[in-house]
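Engineer: If you scroll down you'll find the structure; I have some questions about it.
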Amino acid sequence: MRLFSTGLLEAVRALFIFVVLYFVFGAISNYFLEIFTNRPIAQLTEVYPYLMCFLALQAIGIAILIFVLYRNKFQFTGWFKGKRVKPLPQTTTRVLVVISVIAIIALYIAVGFNL
């Protein structure tokens with residue numbers, strides 16, 4: 001029962017961390033996009049509807065970054081202390097970070113070519 005309760009608490013904690021960091025990273029990224037284009041995002045997606053795909057790609061990139069951050073940092077500060085809890089391998093971390101940065105920057109590149 002103790003293992004279940006600590007696992008449940010850790011799942012709630014991980015979800016809370018993910019949601020908070022997602023809103024923070026998303027707000028910062030959207031703020032930079034609005035400064036870069038001098039237009040609100042709603043106006044950009046009306047003029048260029050395909051940018052919704054790039055916004056979704058950016059959201060996936062942010063989610064991957066948060067996943068890497070959780071697995072390598074926040075996982076070790078929680079309630080659940082499992083025997084098999086370990087960080088991601090260094091090559092996996094690097095590959096995921098590069099993929100997520102490319103996914104985030106792709107939106108800015110697409111917007112840059114249309115301005």
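The values are calculated or read from the model by the stated rules, or taken from the named source; none is laboratory data. Please read these numbers as outputs of a predicted model, since none were measured by experiment. Glycine gets a Cβ as well: all are built from the backbone with ideal geometry, and neighbour counts include every protein chain shown. Just so you know, the surface numbers come from the protein's heavy atoms only, side chains and all, with ligands and any DNA or RNA stripped out. Shrake-Rupley method; radii C 1.70, N 1.55, O 1.52, S 1.80 Å.
Engineer: What spacing in nm lies between the two simple spin-label points modelled at Ala42 and Thr93, each 7 Å away from Cα in the Cβ direction?
Structural biologist: Rounded to a tenth, the inter-label distance reads 4.1 nm.
Engineer: I would also like to ask the following. How large is the dipole of the stretch 1-107 about the Cα centre if only Lys and Arg carry +1 and Asp and Glu carry -1, each at its Cβ, rounded to the nearest 20 debye?
Structural biologist: On the way: 10 positive and 3 negative charges, 162 e Å.
Computed about the Cα centre, the dipole is about 780 debye.
Engineer: For the stretch 58-73, just list the computed ³J(HN,Hα) in residue order, Karplus coefficients 6.51, -1.76 and 1.60, θ = phi - 60°, integers in Hz, with x standing in for Gly and Pro.
Structural biologist: 5, 4, 5, x, 5, 5, 5, 4, 5, 4, 5, 4, 5, 5, 9, 10
Engineer: Then there is this: Through the Karplus equation 6.51 cos²θ - 1.76 cosθ + 1.60, θ set to phi - 60°, convert the phi angles of the stretch 95-101 into ³J(HN,Hα) values in whole Hz; use x for Gly and Pro.
Structural biologist: Per residue, the Karplus-derived 3J(HN,Hα) values read 5, 5, 5, 5, 4, 5, 5 Hz.
Engineer: Next question, about the same structure. Skip the ligands, DNA and RNA, and give the accessible area per residue of the stretch 24-108 with a 1.4 Å probe, whole Å².
Structural biologist: Values: 5570 Å² over 85 residues.
Spelled out: the 1.4 Å probe surface of the stretch 24-108, per residue, equals 66 Å².
Engineer: Please build a GNM for the chain, connecting alpha carbons under 10 Å apart, and tell me which residue among Asn38, Asn30, Asn72 fluctuates the most.
Structural biologist: Checking each option, the largest mean-square fluctuation is seen for Asn38.
Engineer: Quick check on the chain: helices-only [θ] at 222 nm, where DSSP H runs of length 4 and up contribute -39,500 (n - 2.57) each and the sum goes over total residues. Nearest 500, please.
Structural biologist: Details: 4 runs with 90 residues, N = 115.
Dividing the helical sum by the residues of the chain leaves -27500 deg cm²/dmol.
Engineer: Which one, Ala14, Val97, Phe32, is farthest towards the positive end of the dipole of the chain when Lys and Arg carry +1 and Asp and Glu -1 on their Cβ?
Structural biologist: Result: Ala14, furthest along the dipole toward the positive end.
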